[in-house]
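Student: For reference, the structure I am asking about is given below.
The values are calculated or read from the model by the stated rules, or taken from the named source; none is laboratory data. Keep in mind the model is a prediction, meaning the values are calculated, not measured. Positions of Cβ are generated from backbone atoms using ideal geometry, with glycine treated the same way; all protein chains shown enter the neighbour counts.
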Amino acid sequence: MARDGRLSAGRIHYPAGSDQEVVRRRLVFAGLAVIVVVLAGIFGYWLLGGGVWSLVDCAYMVVITITSVGYAEVLPVSELAGGRAFTMVLLITGMGVSFYFLSALTAFIIEGDLQEAIWRRRMGRSLDKLEGHYIVCGAGETGKHVVEELVQAGLEVVVIEQSPEHLDALFRLLGTRFIGMSGDATEDSLLLECGIERAAGIVTSLQSDRDNLFITVTARQLNPRMRIVSRAVHEQARPKLLRAGADAIVSPNTIGGRRMAHELLRPSVVGFLDLLVRDAGHQLSVEECLLRPGTRVEGRTLAGSGIRKVSNVLVLSVITAARESHVFNPSPDFVLRAGMTLIVLGDREDVERLKAWLDSTSTPHVDLGMEPLVES
């Protein structure tokens with residue numbers, strides 16, 4: 001059951017091979033140690049008996065010695081020189097490795113279950129507190145790259161995937177910087193458990209257009225305000241996904257083909273764009289800054305807004321309030337209005353500083369030498 005009483009279609013995935021891998025290696029080592037001691041004991045008794053004693057009798061003698069059962073000696077080791085000494089060494093060594101093996105086995109069983117329970121409880125609490133996060137449905141060849149980009153951007157991400165192997169591969173790649181849910185993303189109860197009502201956006205990247213369409217319809221009904229980006233396996237699914245409520249449609253096949261053509265015809269341009277979008281040193285970033293109602297730059301020109309005094313970013317483009325058109329390389333006298341979106345290029349810290357400044361109204365405008373408002 002889910003934490004709120006609803007029937008859950010999935011469960012929080014525990015990353016395999018995390019802390020339990022150390023316990024597993026210790027268990028394997030302890031098991032090998034027990035086998036070595038047993039074989040050494042059998043071979044030792046066989047040598048003491050000059051090959052007369054059968055291997056079965058030697059093995060039985062080793063077992064009752066190591067386990068301290070206390071039966072009478074099956075083999076007359078007391079009558080042979082060094083027999084009792086060898087038995088005492090075998091007894092001490094065998095009991096030591098046996099206790100080590102039992103402790104490792106106990107740790108493997110109990111600690112593994114305990115760690116998993118603690119992990120699930122902690123992730124469950126985190127899931128309940130999430131707000132403004134992003135949900136990615138599908139962690140296959142397309143979805144895993146989506147998750148990687150979102151995690152590297154420092155965002156809170158919940159991944160829904162039916163294949164535990166895909167989730168484990170994602171945990172090995174990114175660590176525990178996201179929450180993995182094992183289950184069917186088309187189930188309403190699982191989407192609700194992932195906090196879809198509080199999410200900022202969702203990406204549907206399943207292998208089937210039908211499943212992506214179903215999730216899109218459900219997500220739009222559960223959260224009318226969220227942004228939905230859906231994958232289209234076939235181009236014919238694009239209009240259906242748009243009618244279902246998707247804000248953007250991405251076709252990996254189409255984009256991949258265009259990218260290959262661009263790499264062939266204009267490789268320098270592609271390399272430059274990659275530098276802007278995915279700088280290896282994470283110094284440059286192309287981001288969007290929404291001018292919200294009440295923004296401090298309302299009615300001011302781009303030159304007189306004070307943006308360059310706050311943050312050393314370059315305004316590449318401005319999207320109008322109705323998102324009907326782009327203004328590329330806006331002129332210094334371009335007037336900024338609430339509802340517009342600035343596409344800026346700059347250092348990540350500068351971009352974040354600009355976003356915080358644009359949303360803030362505590363600092364007086366005059367301290368940056370802003371120009372007077374431009375009347376409409």
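Student: Exactly one of (1) in contact with an Asp or Glu (Cβ under 9 Å, 6 or more places away or on another chain); (2) of a type outside the set (Gly, Ala, Ser); (3) modelled with pLDDT under 90; (4) outside any helix (DSSP H, G or I) is unmet by ILE228. Its number?
Tutor: Tallying (1) in contact with an Asp or Glu (Cβ under 9 Å, 6 or more places away or on another chain); (2) of a type outside the set (Gly, Ala, Ser); (3) modelled with pLDDT under 90; (4) outside any helix (DSSP H, G or I), ILE228 fails exactly one: (3).
Student: Does GLU148 satisfy the condition of being acidic (Asp, Glu) and surrounded by fewer than 20 Cβ atoms within 10 Å (Cβ to Cβ)? Walk me through how you get there before you give the answer.
Tutor: Numbers: acidic (Asp, Glu): yes; surrounded by fewer than 20 Cβ atoms within 10 Å (Cβ to Cβ): yes.
Judged against the criteria, GLU148 is a match.
Student: Among all residue pairs at least 6 apart or on different chains, which show Cβ distances below 9 Å where the first residue, located in the range 160-174, is in contact (Cβ under 8 Å) with a residue 24 or more places away in the chain and the second is in a helix (DSSP H, G or I) and of a type in the set (Asp, Glu)?
Tutor: These pairs meet every condition: LEU170/GLU148; LEU173/GLU148; LEU174/GLU148.
Student: Select, from LEU90, LEU47, the only residue that is in a helix (DSSP H, G or I), at pLDDT 80 or above and over 55 Å from the mean Cα position of the chain (by Cα). Before the answer, list the steps.
Tutor: Details: LEU90 fails: over 55 Å from the mean Cα position of the chain (by Cα).
Sole residue among the options that is in a helix (DSSP H, G or I), at pLDDT 80 or above and over 55 Å from the mean Cα position of the chain (by Cα): LEU47.
Student: Checking the structure you have, find out if any residue of the range 204-211 is polar (S, T, N, Q) and surrounded by fewer than 13 Cβ atoms within 10 Å (Cβ to Cβ). Explain how you work it out, then say what you get.
Tutor: Going through the range 204-211, the residues polar (S, T, N, Q) turn out to be 204-205, 207-208.
With surrounded by fewer than 13 Cβ atoms within 10 Å (Cβ to Cβ) added as a condition, the list becomes none.
Looking for residues that are polar (S, T, N, Q) and surrounded by fewer than 13 Cβ atoms within 10 Å (Cβ to Cβ), one finds none in the range 204-211, hence no.
Student: Considering the range 331-342 alone, what residues qualify as being over 19 Å from SER285 (Cα atoms) and either surrounded by 13 or more Cβ atoms within 10 Å (Cβ to Cβ) or in contact with a Cys (Cβ under 9 Å, 6 or more places away or on another chain) (or both)?
Tutor: PHE334, VAL335, LEU336, ARG337, ALA338, GLY339, MET340, listed by residue number.
Student: Still on this structure: Is it the case that ASP359 is at pLDDT below 85 and closer than 30 Å to THR142 by Cβ?
Tutor: So ASP359 does not fit the description; no.
Student: Report those strands (runs of 3 or more DSSP E) wholly inside the range 106-201 carrying at least 1 residues which are of a type in the set (Ser, Thr, Tyr). Outline the logic, then answer.
Tutor: Working: elements: 134-137, 157-161, 179-183.
Correct list: 134-137, 179-183.
So that you can scan it fast, the table gives a plain yes or no per residue for (1) crowded, with 20+ Cβ neighbours inside 10 Å; (2) under 18 Å from VAL229 (Cβ atoms); (3) at pLDDT below 90; (4) under 9 Å from the mean Cα position of the chain (by Cα):
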{"position": "HIS133", "(1), (2), (3), (4)": "yes, yes, no, no"}
{"position": "ALA139", "(1), (2), (3), (4)": "yes, yes, no, no"}
{"position": "GLN162", "(1), (2), (3), (4)": "no, no, no, no"}
{"position": "LEU190", "(1), (2), (3), (4)": "yes, no, no, no"}
{"position": "CYS194", "(1), (2), (3), (4)": "yes, yes, no, no"}
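Student: May I ask you to list the residues in the range 189-237 that are closer than 19 Å to LEU127 by Cβ, among the acidic types (Asp, Glu) and without any contact (Cβ under 8 Å) to a residue 40 or more places away in the chain?
Tutor: GLU197
Student: What's the number of the only condition in (1) touching a residue at least 24 places away in the same chain (Cβ under 8 Å); (2) charged (D, E, K, R); (3) closer than 20 Å to GLU287 by Cβ that ARG308 fails to meet?
Tutor: (1)
Student: Return a yes/no flag: does the range 247-262 have any residue that is out of contact with any His (no Cβ under 9 Å at 6 or more places or on another chain), part of a loop (DSSP other than H, G, I, E, B) and farther than 22 Å from VAL151 by Cβ.
Tutor: Looking only at the range 247-262, we keep the residues that are out of contact with any His (no Cβ under 9 Å at 6 or more places or on another chain), and these are 247-250, 252, 254-262.
Right, trim to part of a loop (DSSP other than H, G, I, E, B) and you get 247.
The next check asks that each one be farther than 22 Å from VAL151 by Cβ; those that pass are none.
No, the range 247-262 contains no residue that is out of contact with any His (no Cβ under 9 Å at 6 or more places or on another chain), part of a loop (DSSP other than H, G, I, E, B) and farther than 22 Å from VAL151 by Cβ.
Student: Let me ask you something else. Condition check: aromatic (Phe, Trp, Tyr), more than 18 Å from ILE228 (Cα to Cα) and either assigned by TED's automatic domain parsing to the domain that holds THR67 or modelled with pLDDT of 90 or more (or both). Does TYR100 satisfy that?
Tutor: The answer is yes for TYR100.
Student: Hey, THR216 hits all of (1) in contact with a Leu (Cβ under 8 Å, 6 or more places away or on another chain); (2) over 23 Å from HIS133 (Cα atoms); (3) of a type in the set (Ser, Thr, Tyr); (4) assigned to a helix (DSSP H, G or I) but one; which does it fall short on?
Tutor: With respect to (1) in contact with a Leu (Cβ under 8 Å, 6 or more places away or on another chain); (2) over 23 Å from HIS133 (Cα atoms); (3) of a type in the set (Ser, Thr, Tyr); (4) assigned to a helix (DSSP H, G or I), THR216 is out only on (2).
Student: So which residues in the range 345-361 are within 28 Å of the chain's Cα centre (by Cα) and not basic (Lys, Arg), if there are any at all?
Tutor: Result: LEU345, GLY346, ASP347, GLU349, ASP350, VAL351, GLU352, ALA356.
Student: Turning to a different aspect of this structure: How many of the residues making up the range 175-187 are touching a helix residue (DSSP H, G or I) at 6+ places or on another chain (Cβ under 7 Å) and free of Cβ contacts under 8 Å to residues at least 40 places away in the same chain?
Tutor: 3
Student: Does LEU241 count as free of Cβ contacts under 8 Å to residues at least 12 places away in the same chain and part of a helix (DSSP H, G or I)?
Tutor: Considered against the rule, which asks whether it is free of Cβ contacts under 8 Å to residues at least 12 places away in the same chain and part of a helix (DSSP H, G or I), LEU241 comes out as no.
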